[in-house]
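What follows is a single structure, written as structure tokens, with notes after it.
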Amino acid sequence: MELNAVKEAGVLIVGAGPCGLALACDLARRGVPALLVEQTPGLFPGSRGKGIQPRTREVLDDLGAGDAVREHGGPAPVGMLWQDGERMGEHRMFRVAAPTDAEPYGEPWMMPQWRTQEILLARLRELGGDVVFSAALTGLAQDADGVTAQLSTGPVRASYLVAADGGRSTVRRALSIAMTGETVDPAPMLVADVRVAEDALDRLNWHMMSTDAGFITLCPLPGTADFQLVAQFKEGEPDTSPEGVRAVVAERTHLEARDVTEVLWASDFRPRAALADRFRDGRVFLAGDAAHVHSPAGGQGLNTSVQDAYNLGWKLGQVLRHGAPAALLDSYEEERRPIAAEMLGLSTRIHRGEQERGAAAQQLGLGYREGPLSVGRAGVLEAGDRAPDGPADERRLFDVFRGPHFTLLAVGTDAALPEFAGSQVRPHRVDAYEAYGKGLFLIRPDGYVGWAGEDTAGLAEYAARLGLAPEAG
């Protein structure tokens, strides 16, 4: 895709990581003209964020990538503790629960970050979008009507700009938005993607060794021939060269250096937790790592980032395509910043061994009850809650919700359902269902209950805030 072919965009997205790609997919299916640019020549090549939490699996399924995620990923291997070259026993890393009607995904799904990005890029291309690579942001200015971005390939004018350009965000720095946080662990870490001789290490377990120099883990990555290596360094700096990676394996495990047949990618980092002081500056929004940086221990960074995109996408669509008040966009920071702060705290506690990777890490219990777009309650749900899955005639509720529309769901009630202009709101009725109770529920495009009530009183006023108009007459 040539940048010169696009001079203007409804939304300019800077950064083609999981967050930027997810947002581009969401906007594309809404018919919002968006331009996604990435300063590097291609997608990020490493495994870094390899855990897909159950709530994020629901998001990816809604975006049309669910089948590919199932095909190319797999459940987390059971941990295996080693000492002096001997197996000491199993260690379960994550909470695993059986799928239910309300929660169809009961465990984290393992897939290297590069694969997640490939899947999202393929989906974006199916939707008619693409990424402009080797296009670096060099400056930006905004006014009352939009943003003018200077790229290394030329200027672009957009109504809004979304910074999804990572923890060292160029956009965030240009806006002088500070990050407040702490060093989670002063010990530097090495992460690498490696291949190991077949007869040297099995792929059935997530192998964990602890030494005086620091721990090392080797996790087989489903759908690949690779292992992700993570090593802690209590002294010195990690050597990210292939020779350095092989040396740390030989030093801390029963493997020999030559057992590491390939080093595909390697990087070093210091675990930290930081939160942007604000997620918005005029017509510019921060999302993903540009807004919050996590320790990888909790498996929350990529997941929180994708869900930032999922929250922001439908709101941009309502404003740019359906005439919703621009004030709707204020709710992005109001809803997402508290969630990011909560997930940062969780990641830090898990890293420090103060909390297990339990139900909270799966993000199914997160919601927006205190948010500005949550009004009412009915049955057992309160506005802001995640809308549960469940049976819906011959389909599932998630099949009913899937897509860029809102759903007006009537559960166990014959209350009349108002009609809305266009196809933005789709009505649906189901019999009584314990996950909902009885009532009316307006389900947002991101799968949360926006409005709830026993009848339609107050629904029209609420819908107007979101750019939803009743059918004339």
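The values are calculated or read from the model by the stated rules, or taken from the named source; none is laboratory data. Here the structure is a predicted model, which means the values were calculated and not measured. Positions of Cβ are backbone-derived with ideal geometry, glycine not excepted, and every protein chain shown enters the neighbour counts. Each accessible area value is taken on the protein alone, full model and side chains, heavy atoms only, with ligands, DNA and RNA left out. Shrake-Rupley method; radii C 1.70, N 1.55, O 1.52, S 1.80 Å.
A few remarks follow.
- Folded to 0 to 90 degrees: helix 330-351 orientation relative to the chain principal axis, Cα: 30
- Near residue 104: Cβ cut-off under 9 Å, other residues only, Lys/Arg at +1 and Asp/Glu at -1. The net charge is -3.
- Expressed as a whole percent, the accessible area of the chain that falls on carbon and sulfur atoms is 48 (1.4 Å probe).
- Tilt relative to the chain, helix 113-126 - C-alpha long axis, 0 to 90 degrees, to 10: 40
- Computed about the Cα centre, the dipole magnitude for region 1-148 is approximately 220 debye when only Lys and Arg (+1) and Asp and Glu (-1) carry charge, each at its Cβ.
- With DNA, RNA and ligands ignored, accessible area of residue 36 (1.4 Å probe; Å², nearest 10): 0
- Between the listed residues 227, 291, 215, the Cα displaced farthest toward the positive end of the dipole of region 191-334, a dipole computed from Cβ unit charges relative to the Cα centre, is found at 291.
- Tilt relative to the chain, helix 242-252 - C-alpha long axis, 0 to 90 degrees, to 10: 70
- Taking all Cα pairs closer than 8 Å and separated by 6 or more residues, the relative contact order of the chain comes to 16 percent.
- Rolling a 1.4 Å probe across the protein heavy atoms gives the chain an accessible surface of 41 Å² per residue.
- Proximal aspartates and glutamates relative to residue 234, as straight alpha-carbon distance under 19 Å, when same-chain residues fewer than 8 apart are discounted: 182, 185, 212, 251, 268
- Overall form of region 1-75 per C-alpha gyration tensor (a/c, 1.5; a/b vs b/c): oblate
- Proximity of backbone amide H atoms, modeled 1.01 Å from N, is registered between residue 379 and 438 at under 5 Å, excluding neighbours fewer than 5 places apart on the same chain.
- Net +/- balance of residues flanking residue 206 in space, Cβ distance below 12 Å, scoring K and R +1, D and E -1: +1
- Calculated from backbone phi, Karplus (6.51, -1.76, 1.60) coupling profile of region 391-407 in Hz, x at Gly/Pro: x, 9, 6, 8, 10, 10, 4, 5, 5, 5, 6, 4, x, x, 8, 8, 10
- With K and R counted +1 and D and E -1, the other residues having a Cβ less than 14 Å from that of residue 197 yield a net charge of -3.
- Neighbour-limited loop hits for trypsin sites (Lys or Arg not before Pro), region 149-221 (at most 13 other Cβ within 10 Å; DSSP other than H, G, I, E, B): 168
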